[in-house]
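Visitor: Mind having a look at this structure? Questions to follow.
The values are calculated or read from the model by the stated rules, or taken from the named source; none is laboratory data. Everything quoted here is computed from the prediction, not taken from an experiment. All Cβ positions, glycine included, derive from the backbone under ideal geometry; neighbour counts span all protein chains shown.
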Amino acid sequence: MFISPPRKRMVLASGSPRRRELVKMIGLQFELAVPGVRENSVPCARPSNFVVNLALAKALSLARRFPDAVILGADTVVVLDGRILGKPRNLSDARGMLRKLAGRTHTVYTGLALVDIPTHISETGYEKSLVTMKKVSDVEINDYVATGEPMDKAGSYGIQGFGAVFIKHINGCFFNVMGLPVARLYDMLRELSRKLEQQTED
């Protein structure tokens, strides 16, 4: 196997079909489980700390259900003018977010947390990408929101779907904007495996 998993049983703590597709893309076998964590239950600090803390909380929320597994938690937010934009509360909120993002550059942060439940050894990290959106008219925004795609997306757009037509430029990891920076995940998996091997030797 190209990527050696740190433990036989691995769990992806996410209900996101995009993350599931990206995990499969790099050849990892994960069980799926939706974490029992509300995003507003984690104190809002710096965006990088916020996404890492929330990713860790998601992973740990499944510890009792999967005591023999490595659990991966992830969380993605959009940041504009220092403010975190999560998933829209309703259609009006989605339209408002898109109007703010149109014609401007924002930052996408994704936090990752790998937790080996049997040993309590963990590895955390985050990725950030700069995304520039084209100027978009209210008619285009209304038509896009009517598709329903924005409603479960941080920042109210999906770069892997219809929202791709609004994106002018990306500086950084494309997969991070989708919700799972696979290169960062690969490095973290290798580091977690190294830590587990070192513990076995000790």
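Visitor: Is one or more of the residues making up region 135-144 within 15 Å of R95 (Cα to Cα) and among the hydroxyl-bearing types (S, T, Y)?
Guide: yes
Visitor: Would you confirm whether any residue within region 101-114 is at pLDDT 95 or above, surrounded by fewer than 21 Cβ atoms within 10 Å (Cβ to Cβ) and under 30 Å from V11 (Cα atoms)?
Guide: Within region 101-114, one or more residues are at pLDDT 95 or above, surrounded by fewer than 21 Cβ atoms within 10 Å (Cβ to Cβ) and under 30 Å from V11 (Cα atoms).
Visitor: Would you pick out the residues in region 116-129 that are over 15 Å from the mean Cα position of the chain (by Cα) and part of a strand (DSSP E or B)?
Guide: D116, I121, S122, E123
Visitor: Can you confirm whether V115 is more than 30 Å from T200 (Cα to Cα) and among the hydrophobic types (A, V, I, L, M, F, W, C)? Lay out the reasoning, then the answer.
Guide: Values: more than 30 Å from T200 (Cα to Cα): no; among the hydrophobic types (A, V, I, L, M, F, W, C): yes.
Taking the combined requirement at face value, the residue does not satisfy it.
Visitor: While we're on this one: Under 9 Å between Cβ atoms, at least 6 apart or on separate chains: pull out the pairs that start in region 10-23 with a residue that is hydroxyl-bearing (S, T, Y) and end on any residue that is surrounded by 23 or more Cβ atoms within 10 Å (Cβ to Cβ) and part of a helix (DSSP H, G or I).
Guide: Listed by first residue and then by second, the contacts come to S14/K58.
Visitor: Is it the case that region 32-45 has a residue that's modelled with pLDDT of 90 or more and of a type in the set (S, T, Y)?
Guide: no
Visitor: Looking only at region 134-176, how many residues end up being assigned to a helix (DSSP H, G or I) and in contact with a strand residue (DSSP E or B) (Cβ under 7 Å, 6 or more places away or on another chain)?
Guide: Filtering region 134-176 down to residues assigned to a helix (DSSP H, G or I) leaves 138-146, 149-152, 154-156, 162-166, 174-176.
Now narrow it down to the ones that are in contact with a strand residue (DSSP E or B) (Cβ under 7 Å, 6 or more places away or on another chain): 154-155, 166, 176.
Residues that pass the stated criteria total 4.
Visitor: Okay, next question. Which number in (1) at pLDDT below 95; (2) among the hydrophobic types (A, V, I, L, M, F, W, C); (3) more than 26 Å from E140 (Cα to Cα) marks the one condition that L60 misses?
Guide: Here L60 meets the rest and fails (1).
Visitor: Among the strands (runs of 3 or more DSSP E) confined wholly to region 1-115, which include 2 or more residues that are touching a Pro at 6+ places or on another chain (Cβ under 7 Å)?
Guide: Numbers: elements: 10-13, 31-33, 70-80, 83-85.
Filter on region 1-115 gives 70-80.
Visitor: A further question follows. Only one of S129, S193 is among the small types (G, A, S), touching a residue at least 60 places away in the same chain (Cβ under 8 Å) and surrounded by 15 or more Cβ atoms within 10 Å (Cβ to Cβ). Can you tell me which?
Guide: Residue meeting the stated conditions: S193.
Visitor: Anything in region 59-79 that is under 29 Å from T132 (Cβ atoms) and either in contact (Cβ under 8 Å) with a residue 40 or more places away in the chain or crowded, with 23+ Cβ neighbours inside 10 Å (or both)? List them, or say none.
Guide: Of region 59-79, the ones under 29 Å from T132 (Cβ atoms) are 73-79.
Within region 59-79, G73, A74, D75, T76, V77, V78 qualify.
Visitor: Restricting to region 51-86, give me the number of residues that are more than 23 Å from D116 (Cβ to Cβ) and over 12 Å from the mean Cα position of the chain (by Cα).
Guide: Matching residues across region 51-86 total 7.
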